[in-house]
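The next block holds one structure in the form of structure tokens; read it before the comments.
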Amino acid sequence: MTDADPASDAIARPSPAPPADGARAFRALHEATANAVVGAEEPLRLLTIALLAEGHALIEDVPGIGKTLLARAFARALGLGFGRIQGTPDLLPSDVTGASVLDGSPATGMNLRFVPGPVFTNVLLVDEINRATPRTQSALLEAMQERQVSVEGVTRRLPDPFLVLATQNPIEYEGTFALPEAQLDRFLLRLRIGYPDAAAERRIAARYVASAEPLDAVPTILPADRIAALREGTRVVRVADELADYLVAIVAATRDRVDIELGASPRASVALFRAAQASAFIDGRDFVLPDDVRAIVPAVLGHRLRVDLDSSLHGATAEGILADVIAGVPVPVEQAHGLAG
């Protein structure tokens, strides 16, 4: 059973925005969020890629570096609804999706009324997702993959766009539940913010001295209907056959190494394809270059690999292995002049 509107599937897709609009939109987004977030252009770029490629992002970094602020500034600049869930061991699936409650009175009659959970928003920040139990983590799987939730036999569509930004601390493991590979595979990419340099850290401190809430300075620069057109523009970015083969070869190479216990799945190929399109689009191009693929590989594939335990004990990392993989797959240089055609 579903309460989704059947007519919604019949709504015509918007006309694709030209690549120049993609570049302008990203510049405007960067300028808007820079009013609150200092020195996060690359993380913001990856969030924009996730949004345009209709994926989700895992933000893995230490506490206190602005993960929540970046997510809130991103949603505010786009004029999107924002919801937040704090991952804790006692968080229930219904705390994420919502549940039915009795409404009314004995005199007028009692009825069940569905109360939507925080997942019914555009940008959902799941803070410390690995502190939630596996049962609660799995409640997000349907939402992330199908853009819908099923509660008590009823399927409800989520707002569009819908983007999950989940955070986790990579160095604290006590009281946490590692995300299973099936859930990690649902994240289009993983990103890190990193510590600011000394000059950026001074600017951060100065902003909080001048204002208790830097988010108040972030304007809304992109309405939701414009986001739909930009997404359509991303979808029509051309990927030459040679580049598609190159992309698939990189993913396949992760499955043939002795230092990788679990390689990237076919879903990873799709994610890499879409992320490369989005990367080219916000650079103002309607075609993908080999550099687009190479640059986005660590963010798209790094969290999908399981490094062999023995190799890990000897210092091997997913990032280092991916660097070797990229270096070992021939770039389609001979067709470089034809890749844009």
Residue that is assigned by TED's automatic domain parsing to the domain that holds I65, of a type outside the set (D, E, K, R) and surrounded by fewer than 17 Cβ atoms within 10 Å (Cβ to Cβ), where the choices are A166, A139, A199: A199
Looking only at the stretch 236-254, which residues are within 12 Å of F273 (Cβ to Cβ), not hydroxyl-bearing (S, T, Y) and not in a loop (DSSP other than H, G, I, E, B)? R238, L243, A244, D245, L247, V248, I250, V251
For the stretch 236-290, enumerate the residues that are over 17 Å from the mean Cα position of the chain (by Cα) and among the basic types (K, R). R238, R255, R257, R285
If you go through A50, A40, A32, A36, the only one that is surrounded by 21 or more Cβ atoms within 10 Å (Cβ to Cβ) and in contact with a strand residue (DSSP E or B) (Cβ under 7 Å, 6 or more places away or on another chain) is A50
Can you name the residue in the stretch 204-218 that is loosely packed, with under 12 Cβ neighbours inside 10 Å and either assigned to a helix (DSSP H, G or I) or not assigned by TED's automatic domain parsing to the domain that holds L140 (or both) and is also modelled with the lowest pLDDT among such residues? A210
Breaking point among (1) more than 28 Å from R27 (Cβ to Cβ); (2) surrounded by 15 or more Cβ atoms within 10 Å (Cβ to Cβ), for V300: (1)
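Do you know which of the residues in the stretch 56-110 that are free of Cβ contacts under 8 Å to residues at least 24 places away in the same chain and either aliphatic (A, V, I, L, M) or not assigned by TED's automatic domain parsing to the domain that holds Y195 (or both) is farthest from R131 (Cα to Cα)? Even if it seems obvious, please write down each step before you answer.
The first filter runs over the stretch 56-110 and keeps only residues free of Cβ contacts under 8 Å to residues at least 24 places away in the same chain, leaving 64, 90, 101-110.
When the remaining residues are screened for being either aliphatic (A, V, I, L, M) or not assigned by TED's automatic domain parsing to the domain that holds Y195 (or both), the result is 101-102, 107, 110.
Values: V101: 27, L102: 30, A107: 43, M110: 37 Å.
Filtering the stretch 56-110 for residues that are free of Cβ contacts under 8 Å to residues at least 24 places away in the same chain and either aliphatic (A, V, I, L, M) or not assigned by TED's automatic domain parsing to the domain that holds Y195 (or both), the one farthest from R131 (Cα to Cα) comes out as A107.
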Evaluate the stretch 222-235: report whether one residue or more is assigned to a strand (DSSP E or B) and either within 22 Å of the chain's Cα centre (by Cα) or crowded, with 19+ Cβ neighbours inside 10 Å (or both). no
Which condition number in (1) at pLDDT 95 or above; (2) charged (D, E, K, R); (3) in a helix (DSSP H, G or I) is the one that R285 fails? (3)
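Looking only at the stretch 244-280, count how many residues are of a type in the set (A, V, I, L, M, F, W, C), touching a strand residue (DSSP E or B) at 6+ places or on another chain (Cβ under 9 Å) and more than 19 Å from E319 (Cβ to Cβ). Show your work before the answer.
Filtering the stretch 244-280 down to residues of a type in the set (A, V, I, L, M, F, W, C) leaves 244, 247-253, 258, 260, 262, 264, 268, 270-273, 275-276, 278, 280.
Retained after the next criterion (residues that are touching a strand residue (DSSP E or B) at 6+ places or on another chain (Cβ under 9 Å)): 260, 262, 271, 275, 280.
Checking which are more than 19 Å from E319 (Cβ to Cβ) leaves us with 280.
Result for the stretch 244-280: 1.
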Residues of the stretch 125-136 that turn out to be surrounded by fewer than 19 Cβ atoms within 10 Å (Cβ to Cβ) and assigned to a helix (DSSP H, G or I), as a count: 2
With the condition kept exactly as written, say whether any residue in the stretch 216-235 is free of Cβ contacts under 8 Å to residues at least 60 places away in the same chain and closer than 22 Å to A28 by Cβ. yes
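Scan the stretch 85-114 for residues that are of a type in the set (V, I, T) and part of a strand (DSSP E or B) and jot them down.
First, pick out the residues of the stretch 85-114 that are of a type in the set (V, I, T): 85, 88, 96-97, 101, 108.
Selection gives I85, V101.
For every residue, the table says whether it meets (1) more than 15 Å from the chain's Cα centre (by Cα); (2) surrounded by fewer than 16 Cβ atoms within 10 Å (Cβ to Cβ); (3) free of Cβ contacts under 8 Å to residues at least 60 places away in the same chain.
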residue	(1), (2), (3)
L112	yes, yes, yes
V123	no, no, yes
E146	no, yes, yes
V151	yes, no, yes
E181	yes, yes, no
L188	no, no, no
Y195	yes, yes, no
Looking at this structure, is G284 outside the structural domain of G55 (by TED's automatic domain parsing), of a type in the set (G, A, S) and without any contact (Cβ under 8 Å) to a residue 24 or more places away in the chain? no
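The values are calculated or read from the model by the stated rules, or taken from the named source; none is laboratory data. Keep in mind the model is a prediction, meaning the values are calculated, not measured. Glycine also receives a Cβ, built like all others from the backbone with ideal geometry; neighbour counts cover every protein chain displayed.
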